[in-house]
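Below is one structure, written out as structure tokens; comments come after it.
The values are calculated or read from the model by the stated rules, or taken from the named source; none is laboratory data. In this text, all values refer to a predicted model and were calculated from it rather than measured experimentally. Cβ placement follows ideal geometry from the backbone for every residue including glycine, while neighbour counts extend to all protein chains displayed. For the accessible areas, the whole protein counts, side chains as well, though only heavy atoms, and no ligand, DNA or RNA atoms are used. Shrake-Rupley method; radii C 1.70, N 1.55, O 1.52, S 1.80 Å.
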Amino acid sequence: MRRVAPAMSVILFGMITSSVFLFSITNLFQPVPAIVNLSFGDNSSLSTVSKSKVDIDPEMTPHSDRQPDERFAFIPRTDLDGILSITHAGRSKLSTGLQSIDAESAFGLSISAYADCPFWEIEALPRPKPLLFSYPVRQSNIVIDGGNSDIKSTVSGLVTLNAGDIQMFGISNSEKESERDISGFVTENTSVQYSSSDDIPYLIGTSLLKASGNRGLPSPVKFTLSIDDRTFDLSIHGDNTARTSDRLVCRPVALSVEDGNLILSERPRSYISLYIQPSREGAGQAYHSQAQTLRVEGINGWVALKNVPVSDIANTSMGGIQMMFAQSGMEHLEVGGRTVDVRPSDTLVTRGDQRIRIGDDGNFAVSGRADAIWRNDIRASLTRWELLSGEMRVGLVTALLASLATAITMLWRLVNSFGRTSPTQRFRF
């Protein structure tokens, strides 16, 4: 035991000394969390990672006007005017429908069909004889199984986006300088909801072709229409008898019901569109701020709000995030009160509790705590060592070297003391 004890004493002394120095060096050269403020210019794009419930330190996120449990969404939570546009990739079912808030808000419904029509051409066409469902309708729903689909509706009110924790989105200038387009890519199980005191008409269209190399092949698509407790089916596929050189003709087609099925008067070649028009005229209903709701579920693709006035979205919060990847459009960056030069083409990655809002100019702004920052794949957050002045660095290095020399001297004396002194004298220095 007399031989083991001295050796253990040396090992223990060395471990304690090494741990102290390793802890000191690690803390010196680890990036320090800092308050970050980032503003964007025109035509910017971001990717973010968030979680369902976020707790933000108010001291690290100045000027925060949001609730701690607010879920992030790239569509601002505020009343706004614009055009809602949704593009669904077609790998899963898409559900869309209208619902009234109560019996007094029930509506009548008309559905018009168009063949091979881009949305922008439908407005110039005469309305075909619609399929009518008389008042009172409390709920209507259309489920599309197969085919890439598009939905378009004019909105004036609150649009709510429920998407996953990872979102990719951007903001760009509209045709008017005073308006913006906000768009983002979302994955399956994303939903959008819009409520209004007015009727909410909308267009829904689906491709009847699927990509095969550099050409499109006819693909079957099934529509299931539900009107309260009644259900109607429409199974359709593209016209494979037409020649590829034939010009597509946009035209209205008649829609009817036969034995529980929806029947088109003629088969579209590549695209089918339905115009859904609710109407509460003459129903004698009371006014409700959210009398009617349009809900779209199962979106896998793009969601956009176009032609949104800057005045509608200025100074609105989008929620809290844990990580951000800025791909373009950066204009100004501050880290811990220090300005960092950035260009619109730069990329930036931040990790930490932050929030995103839309500023006075209608563009993104990010603020909060960043635990680490990388600009163009190069670390932009400072370590404690980098934050020290030159005099402080010299003094700290001198103190560390002196402490290291002292520790080595003590260890050397301890080793040499074994064998030359009695056990009661070995720890006298």
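What to note about this one:
- Flag if Lys176 is touching a strand residue (DSSP E or B) at 6+ places or on another chain (Cβ under 6 Å), charged (D, E, K, R) and open to solvent by 30 Å² or more (accessible area, probe 1.4 Å): no
- Within segment 99-117, the set of residues being acidic (Asp, Glu) and either open to solvent by less than 10 Å² (accessible area, probe 1.4 Å) or touching a Lys or Arg at 6+ places or on another chain (Cβ under 9 Å) (or both) comprises Asp102, Asp116.
- Residue under evaluation Arg180, criteria (1) in contact with a helix residue (DSSP H, G or I) (Cβ under 7 Å, 6 or more places away or on another chain); (2) under 16 Å from Trp302 (Cα atoms), criterion not met: (2)
- Among the residues of segment 189-221, those that are farther than 30 Å from Ala291 by Cβ, touching a Ser or Thr at 6+ places or on another chain (Cβ under 9 Å) and assigned to a strand (DSSP E or B) comprise Ser207, Leu209, Lys210, Arg215, Gly216, Pro218, Val221.
- For segment 165-173, the criterion of a residue being closer than 26 Å to Ile111 by Cα, among the hydrophobic types (A, V, I, L, M, F, W, C) and either open to solvent by 60 Å² or more (accessible area, probe 1.4 Å) or assigned to a strand (DSSP E or B) (or both) is satisfied by no position.
- Cross-chain or 6+ apart pairs with Cβ under 6 Å, segment 192-212 first and over 27 Å from Phe72 (Cα atoms) and open to solvent by less than 10 Å² (accessible area, probe 1.4 Å), then modelled with pLDDT of 90 or more and among the acidic types (Asp, Glu): Gly205/Asp150
- Leu333 fulfils the conditions (1) over 30 Å from Thr160 (Cβ atoms); (2) in contact with a strand residue (DSSP E or B) (Cβ under 8 Å, 6 or more places away or on another chain); (3) free of Cβ contacts under 8 Å to residues at least 40 places away in the same chain except for a single criterion, (3).
- Among residues that are closer than 30 Å to Ser156 by Cα and part of a strand (DSSP E or B), Val296 is included.
- So Pro252, is it at pLDDT 85 or above, open to solvent by less than 60 Å² (accessible area, probe 1.4 Å), assigned to a strand (DSSP E or B) and over 16 Å from Val143 (Cα atoms): yes
- The set of residues in segment 226-241 being within 23 Å of Tyr271 (Cα to Cα), among the hydrophobic types (A, V, I, L, M, F, W, C) and modelled with pLDDT of 90 or more consists of Phe232, Leu234.
- Unique match (being open to solvent by 10 Å² or more (accessible area, probe 1.4 Å) and in contact with a strand residue (DSSP E or B) (Cβ under 7 Å, 6 or more places away or on another chain)) among Ala370, Ala326, Ala365: Ala365
- At least 1 residues being closer than 24 Å to Ile75 by Cβ is the threshold, and among the strands (runs of 3 or more DSSP E) wholly inside segment 314-368 those reaching it are 316-335, 348-358.
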